[in-house]
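Right, one structure below, let's go through it.
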Amino acid sequence: MARFDGKLVGYENVCRHLPLSLDGGDGEIFSRDGRHFFCQSHGALYEPATGLCVRGPCEGARLKKLKFAVHDGVIWLEQNSPETK
Ligand code: FES
């Protein structure tokens, strides 16, 4: 979860290049200029508003969005539906 341009956005903290966290565990997900999410492993840049990778080894891929709602200032993540076979 992050706030960007005054809006709350939510994505899985997993790069689309390799299944590694964007922040490497330190909580830093923004590029130095604050305009993109930045993967610390190999430098991929993602648009915070869309999750689209705009530079790096996974260019064109998108971060997986989280479904959430805000009620009384509390963020509620929606659970994934159980898979059916
Ligand atoms: S793991 Fe994110 S760019 Fe390679």
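Brief remarks on what is shown
- Qualifying residues in the stretch 47-61 (those that are of a type outside the set (A, V, I, L, M, F, W, C) and touching a residue at least 24 places away in the same chain (Cβ under 8 Å)) - the one farthest from the ligand (Cβ to nearest atom): Pro48
- Looking only at residues of the stretch 1-28 that are out of contact with any Pro (no Cβ under 9 Å at 6 or more places or on another chain) and aliphatic (A, V, I, L, M), we find that the one that is farthest from Leu66 (Cα to Cα) is Leu20.
- Which listed residue, of Asp5, Asp33, is more than 13 Å from the ligand (Cβ to nearest atom) and either at pLDDT below 95 or at positive phi (or both): Asp5
- Criterion violated by Val14 - all others in (1) aliphatic (A, V, I, L, M); (2) exposed (fewer than 12 other Cβ atoms within 10 Å of the Cβ); (3) in a loop (DSSP other than H, G, I, E, B) satisfied: (2)
- Selection status of Gln40, away from the ligand (no atom under 13 Å from the Cβ) and either surrounded by fewer than 16 Cβ atoms within 10 Å (Cβ to Cβ) or in a loop (DSSP other than H, G, I, E, B) (or both): no
The values are calculated or read from the model by the stated rules, or taken from the named source; none is laboratory data. These numbers come from a predicted model, not from an experiment. Using ideal geometry, Cβ is built from the backbone for each residue, glycine included, and neighbour counts are taken over all protein chains shown.
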